[in-house]
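To keep things clear, I will list the structure first and then write my remarks on it.
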Amino acid sequence: MIDFRLEEEHEALRKTVREFAREEVAPVIGDYYERCEFPYEIVAKMGRMGLFGLPFPESVGGMGGDYFALCLALEELARVDSSVAITLEAGVSLGAMPIYRFGTPEQREQWLPSLVSGEALGAFGLTEPGGGSDAGATRTTARRDGDSWVVNGTKAFITNSGTDITRLVTVTAVTGERDGRKQISAIIIPSGTPGFAVSKKYSKVGWSASDTRELSFADCVVPASNLLGEEGRGYAQFLSTLDEGRVAISALSVGLAQGCVDECVRYVAERAAFGHKIGEYQAIQFKIADMEARTHVARLAYYDAAARMLRKQPFKRQAAIAKLVSSEAAMDNAREATQIFGGYGFMNEFPVGRFYRDAKILEIGEGTSEVQRMLIARDLGLTRPWQ
Amino acid sequence: MPNIVVLVKQVPDTYSERKLASADHTLDRASADAVLDEINERAVEEALQIKEAQGGEVTVLTVGPERATDAIRKALSMGADKAVHVSDESLHGADIIQTAKVLAKAIGTVEGYDLIIAGNESTDGVGGAIPAMLAELLGLPQLTHARKVEIDGTSVKVERETDAGRTFLEAALPAVISVGEKINDPRYPSFKGIMAAKKKPVTTLTIADLGIDASEVGLANAASQVLESAPKPPRAAGQQITDEGDGGSKIAEYLVSQKLI
């Protein structure tokens, strides 16, 4: 039997990020959130402490850590705020990782140093309006014209795509057809390329201090050398990174769930009603006990998925389970925490109000809860006769 | 290429509840998370900035129980090169004078130091006397409460800030300086720094290694004794003044009664 004690360096990282979140994020994030403003200063500080380089080797400017180190950082950030956590998650998993994994030496050299240091952000454009989790339905096209690609189409809900420090968006586009099936490739579009338009920010229910936009491409021309990875393999490449993205979102969800417990334990020791601190009433104690139990189980689920991933064992099912149980734990905890805070829980100035608004997307992004259940069922050998 | 020694101390986290042990009124170390004191992070940061600009080596020095290795590790993760840890059970309850003597002896084990940097006072004991005592014991100039430090090969210039105002000091190296809150913003260790810290040398010394006898140190030999201690009383409810047309003068009366105006 093994246990889940963290290695010394992972534990030290967790503590450092916790301290950072508490001292640098917590005091100021509420204002950014209220104004729906991207927190450039916080992101720059995250870059300086190496968070954007966590899973990359030192040879490309990274910190020489692993994907689990990134997960721990995401959990500790999300314990205080999810907007900065998702900015980090997308910057690493969607911005830098595909270029690290599938890029040519030239592409790596051109883009990775600034992405890995956090001075620049990259985004990944997969989802389209009406596309969602059915990524095979991609309608954006890239036509080869001599030494160039000509890209046309629209991408929706793209994180980190329109900040002042965004340098590129990697988009998936149809580049041809083989045996009646669409060939999808990934193409790097540098920010500012003519024909590439970034809409204004969406007005979102949560994650309000993160940058999410719709992108459109109208005869947008980039050099042929901007193809990322193999032609026609763009979707397959992306799929191979989805499972680890789920573990990361699971870690982020556990952070939010834990943040709800932290806030409630503190609040119920202060708030009195009917002559007692509300934390002395069993109705409240049981709610918080359930919140803690959900958080603990969800954390073990993502630790297990991450451990398998690092050991290079199959972890698709475990990643889906972790994403499913932790996003639901986050949503449940946010709802209960808001209930415990009563009227104050409905006020944006209290963290639990933010947690409530930030939790719902966790059951949607990186594969909905329904998609996770589908993956688990399929992995158990349950098939659908019409497929 | 200055050779710098930074004094660091592990203290209870100011975010957690801090208590004294009921038996001997010393710090109850088990009751709170232990962290590297914030002011020491600034001292380490200052040393690292000097090193990054001019080269040299940064050694951190602490006197504390075994678990103080965590504080040392943090300083090494930030980028210090090596550490000296004086750890000895007989130091339990040591007072400031004893601690300064131990530090002075331990600094003697660091070859060819040019500068000693300390925080101006710890967040737990809040003594604020160590830098001055240490300078006396070592026969070195002391430049305390620095908000700005500049060094060249042979001298150090310090902008000193206290409640009384600012003074501009200069002294020949080697010297002892202490830094205040405004000196810099300390960096957070990176994962690379955390990994590197595991391989950095830490020398652990007992007081016997420093030629100090157990009868000179510890609670029983402290210059003063704590006879009694009590936690801070909880904050009393405030006094409410209802404005019935005379609210202003009632507030003024209250402030006068408290000798505030």
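No lab work stands behind these numbers, since they all come straight from the coordinates. Keep in mind it's a predicted model, so treat the numbers as computed, not measured. For neighbour counting, all protein chains shown are included, and Cβ atoms are generated from backbone atoms with ideal geometry for every residue, glycine included.
Figures for the structure shown
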| quantity | calculated |
| --- | --- |
| Burial ranking of peptide ranges A:165-173, B:239-247, A:83-91 (average Cβ count within 10 Å, highest at the top) | A:83-91, A:165-173, B:239-247 |
| From phi via Karplus (6.51, -1.76, 1.60), per-residue ³J(HN,Hα) for region A:368-383 in Hz, x at Gly/Pro | 5, 4, 5, 5, 4, 5, 4, 5, 5, 4, 5, 5, 7, x, 7, 10 |
| Whether region A:8-120 is rounded, prolate or oblate, judged on the alpha carbon gyration tensor where a/c under 1.5 counts as rounded | oblate |
| Three-way shape call for region A:122-233 based on the alpha-carbon gyration tensor, with the a/c threshold at 1.5 | oblate |
| Pair residue A:233, residue B:244: separation of 7 Å Cα→Cβ label points (nm) | 8.6 nm |
| Along principal axes, Cα extents of region B:1-147, largest first, whole Å | 47, 30, 28 |
| Range of Cα positions in region A:236-379 per principal axis (Å), largest first | 60, 25, 23 |
| Local net charge near residue B:152, Cβ-Cβ under 12 Å (Lys/Arg +1, Asp/Glu -1) | -2 |
| Percent breakdown of C-alpha pair distances by 5 Å bin, ordered from the shortest bin, for region B:177-261 | 3, 8, 7, 7, 7, 9, 11, 12, 9, 6, 7, 7, 5, 2, 1 |
| Relative contact order of region A:8-120, pairs being alpha-carbon contacts under 8 Å that are 6 or more residues apart, as % | 30 percent |
| Between region B:42-106 and region A:127-183, the Cα center-to-center distance that results, in Å | 55 Å |
| Tail beyond 12 Å, pair distance distribution of region A:241-305 (Cα, percent) | 70 percent |
| Long-range tail of P(r) for the protein assembly as shown (Cα pairs > 46 Å, %) | 30 percent |
| Formal net charge of residues neighbouring residue A:9 (Cβ-Cβ distance under 12 Å; K, R +1; D, E -1) | +2 |
| Protection proxy ranking of B:196-207, A:264-275 - average other beta-carbon atoms within 10 Å, highest first | B:196-207, A:264-275 |
| Estimated FRET transfer efficiency when R0 is 45 angstrom, pair residue B:203-residue A:218 (beta carbons, to 0.05) | 0.10 |
| Summed residue charge, Cβ within 13 Å of residue A:233's Cβ, Lys/Arg positive, Asp/Glu negative | +2 |
| Normalised convex hull volume, chain B, alpha-carbon set, Å³ per residue | 176 Å³ |
| Chain A: antiparallel DSSP beta bridges as a percent of all, rounded to 5 | 80 percent |
| Which of B:50, B:72 has the fewest Cβ neighbours within 10 Å, and the rest in rising order | B:50, B:72 |
| Paramagnetic reach from residue B:181 in region B:19-36 [backbone N under 20 Å; point 7 Å along Cα→Cβ] | B:35-36 |
| Bridge type composition, the protein assembly as shown - antiparallel percent by DSSP, nearest 5 | 60 percent |
| Antiparallel DSSP beta bridges within chain B, as percent of all bridges there, nearest 5 | 40 percent |
| Cα pair distances of chain A binned at 10 Å [whole percent] | 5, 23, 32, 25, 11, 3, 1, 0 |
